[in-house]
Amino acid sequence: MPVLSERDFDKLAARIVDQFLDGETKLADAAAKIASSSQLNPDQIERLVQSANTQTFLRMMDRRKEAGEEDLMHEFDPIDSRQVIRIVIDDAGVHINGPHDHGDDEAAGAEEGAEAAVDENELPDEMAALQQDVGGEEGGKDGPLEEAAEEAVEDVGAADELQALQEVKEEKEAALRNQRMRKLAGILEDQYLQHEWAFEEKFNDLATRFKRAHVELPFAEFEKDAFAETRDSVGATVLNALRGSQGLPELDLNIPLEKTAAFADHHVSDDSIELQMFEALTKLAYESQKVLRGLEWIRSQCA
């Protein structure tokens with residue numbers, strides 16, 4: 001069982017998303033293939049699935065934006081770790097050792113538990129049983145889903161009963177999708193908070209550099225470099241926040257978007273530590289906005 005860092009999971013998830021967005025395979029199938037080849041345990045598969053869902057969703061948003069589509073709202077069905085475990089077990093025929101497996105008996109129990117966990121949320125094939133009834137063969141009706149449908153369609157024909165069962169099945173599918181979407185919303189919310197904390201820390205570090213007794217790069221000189229490198233309102237907002245930290249008035253946010261090409265072409269920016277920190281701040285701000293936009297959309301779908 002390999003020991004993986006957060007960066008390792010993100011790299012594996014990126015490979016999954018690449019295959020999915022290129023149309024090579026389904027998201028769950030790609031995740032199962034990576035999980036099997038990397039010999040991941042159920043806890044690691046859970047972490048991999050979380051990263052794959054997040055990256056897929058955000059990259060789909062980026063693609064639609066790059067395509068010029070104003071409406072970034074799109075259908076997205078997150079995968080579940082139990083789906084992936086089921087595919088690994090069924091297709092590869094291997095046991096995925098959990099973090100506490102120590103022997104054959106415990107391994108068998110863990111595999112049985114993993115399958116039970118999948119079955120708990122896997123949709124049963126109620127339609128097959130009912131179709132057997134319609135064809136004259138005896139079919140079981142002892143499951144909770146079938147019993148609920150039977151009560152709802154008492155004294156109606158077989159066609160109506162089939163439709164009722166299909167509606168119940170669709171409702172369960174929708175409930176499971178909503179559950180996965182809420183889970184993804186929680187992951188995005190955590191990611192957004194992490195971006196905000198990282199931004200605040202880096203912002204304070206940069207602002208403090210201009211308040212030292214011996215300043216290596218005066219703020220006015222840094223601002224010229226940052227102004228030349230700013231290409232959108234996100235960078236302008238960060239630059240204005242830095243001006244505020246120095247007790248300076250804000251600039252018109254439209255200035256960076258309307259500045260003449262002559263200034264950007266003739267000004268040679270010094271690749272200073274401060275400018276690198278500013279670029280990192282701008283990137284964090286951009287990522288934070290993207291995550292927040294995605295989080296708001298998912299919340300609207302789960303409302």
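Any read-out appearing in this document is the output of simple, stated calculations on the displayed coordinates, not a laboratory observation. Keep in mind that what you see is a predicted model, and the values were worked out from it rather than measured. Neighbour counts run over all protein chains shown; Cβ positions are idealised from the backbone, glycine included.
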Net charge contributed by nearby residues that have their C-beta within less than 13 Å of Leu248 (K/R +1, D/E -1): 0
Extended-chain gain in nm, criterion 0.36 nm per residue less alpha-carbon gap, Glu250 and Lys202: 15.3 nm
Region 180-231: GluC sites (Glu not before Pro) in DSSP coil with no more than 15 other Cβ atoms inside 10 Å: Glu216
Selection of trypsin sites (Lys or Arg not before Pro), region 174-250, meeting DSSP coil and at most 13 other Cβ within 10 Å: Lys211, Arg212, Arg231
Charge sum, other residues only, whose C-beta stays under 10 Å from Gly235's C-beta, Lys/Arg counted +1 and Asp/Glu -1: -1
Surface/4 of the Cα convex hull for region 183-302, nm²: 8.5 nm²
Net lengthening on full extension, Leu21/Arg59 (0.36 nm per residue, minus Cα-Cα): 12.8 nm
Listed residues Ser288, Phe227, Ile187: farthest to the positive end of the dipole of region 183-302 (Cβ charges): Ile187
Per-pair calculated FRET efficiency, R0 = 25 Å: Ala280 and Ala220 via Cβ, rounded to 0.05: 0.75
